[in-house]
1. Order these by the 10 Å Cβ neighbour count, fewest first: 323, 13, 129.
2. For the residue pair residue 113 and residue 228, what label-to-label distance in nm results when each label sits 7 Å from Cα along the Cα-to-beta-carbon direction?
3. Through the Karplus equation 6.51 cos²θ - 1.76 cosθ + 1.60, θ set to phi - 60°, convert the phi angles of the stretch 290-297 into ³J(HN,Hα) values in whole Hz; use x for Gly and Pro.
4. Exposure proxy check: 372, 252, 52 ranked by fewest other beta carbons within 10 Å?
5. Cut-off 10 angstrom, C-alpha nodes, Gaussian network model of the chain. Which of 71, 55, 262 fluctuates the most?
6. Nearest 20 debye, what's the magnitude of the dipole of the chain about its Cα centre given +1 on Lys and Arg Cβ and -1 on Asp and Glu Cβ?
7. Relative to the present Cα-Cα distance, how much length would full extension add between residue 322 and residue 277 at 0.36 nm per residue of separation?
8. Compute the helix-to-body angle for 325-334: its Cα long axis versus the longest principal axis of the chain, expressed 0 to 90° and rounded to tens.
Amino acid sequence: MPKPITDLIHHPYQPPAKFAAPQPGVFKASTVFFADVAAMRARDWKTKAGYTYGLHGTPTTFTLEARLAALEGATDCLLVPSGLAAISLVAFALLKTGGEVLIPDNAYGPNKALATGELANFGITHRLYDAMDPSDLAAKLSERTQLVWLEAAGSVTMEFPDLPALAALCRARGVVSALDNTWGAGLAFAPFDLDGSGEGVDISVHALTKYPSGGGDVLMGSVTTRDARLHQALKLTHMRMGWGVGVGDVETLLRALPSIALRYEAHDRSARHLARWLSERDEIAQVLHPALQGSPGHAHWRALCGDTDLAAGLFSVVFDERYGAEEVDRFCDSLALFKLGYSWGGPISLVVPYDIGLMRDASVARWPHRGTLVRFSVGLEAVEDLQADLSQALAAL
């Protein structure tokens, strides 16, 4: 007879099969068992026909990947520890020494920082292009271009580009296009079908930290594709980099994902209400929100997102130039419900002031405003309370 501790560890009990409940099971594993040596040698970690090691997937992570692929209209999905890790995975998988990546001037700042840091160290160059001018991208595409990043709407400044035109340029030149689709969340538009005929971007990356999580408590990213060859290239790099995600965080995402559409619409509805209200205030020179008339790229947003009429819960404002940075900081400090903090997509509204001069390259696209910019992420509080908070903080100016 084995000792009790051995019997405990190797106990033969198995729960009955076919357990069904609203949430899928949570499988935590590094080691995965094989029936015999033949099965171990036959198993291929590059497919989802079976399991080889926790880093290559469990039933829990495979379930989330399948649901995210369905959300974005893709066939394959990879999970990584953050949205920036998703950007890095694409860069490391597709860029080679001597090559070049093109990045929108208004893109997510850490994407540009990756290009000036690690990518430059590996002998990969980058250039910025004006996302609102497809001819600028066309002029900068070259034989050295191995990847083009797209983003809608632009980080912080919220311009909405002509995504179908930009993607078509890349497709015509045989260059891979990758979209940061965190803003669209797979809901505002279909990244792999931008023109209604099944043509779109090659890769969509998503900071699951934002709307899919919805709680401001998870860091995770995803990379989705429709191209099996491209997916395999990404998967090989994913394995070699050793990227994995915590199954507890995957469980949180699976629990939150069914409500993403309801939450996204609620964020959007409140953000538009506040954006329209602020556009009437004389303290504000311009409200930057893709769904508002007069915001840069509004026509592109209408053309792409008209069927869904969705526009996330983000917007920025430019204060009248009579208010300096110190006064705008005081406005932000005076807010009570809007908390100072990065990220977005959670239940609590956030605010961040930005120095656009440090973010934009004037040689690429001239920023037309002289006032200070503030970006708002609208949470799930009552919109009347958020408006009252903004009103009292404006009085502090």
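Bear in mind that the values in this text are calculations on the coordinates, not laboratory data. Keep in mind that this is a model prediction, so the values were computed, not measured. A quick note on method: Cβ atoms are made from the backbone with ideal geometry, for glycine too, and the neighbour counts reach across all protein chains shown.
1. Result, fewest neighbours first: 13, 323, 129.
2. So the two model labels end up 3.9 nm from each other.
3. The phi angles translate into x, 7, 9, 4, x, 6, x, x Hz.
4. Going from least to most buried by this count: 52, 252, 372.
5. Result for the chain, Cα springs under 10 Å: 262 fluctuates most.
6. 1500 debye
7. Taking residue 322 through residue 277 to full extension adds about 14.2 nm, to one decimal.
8. 60 degrees
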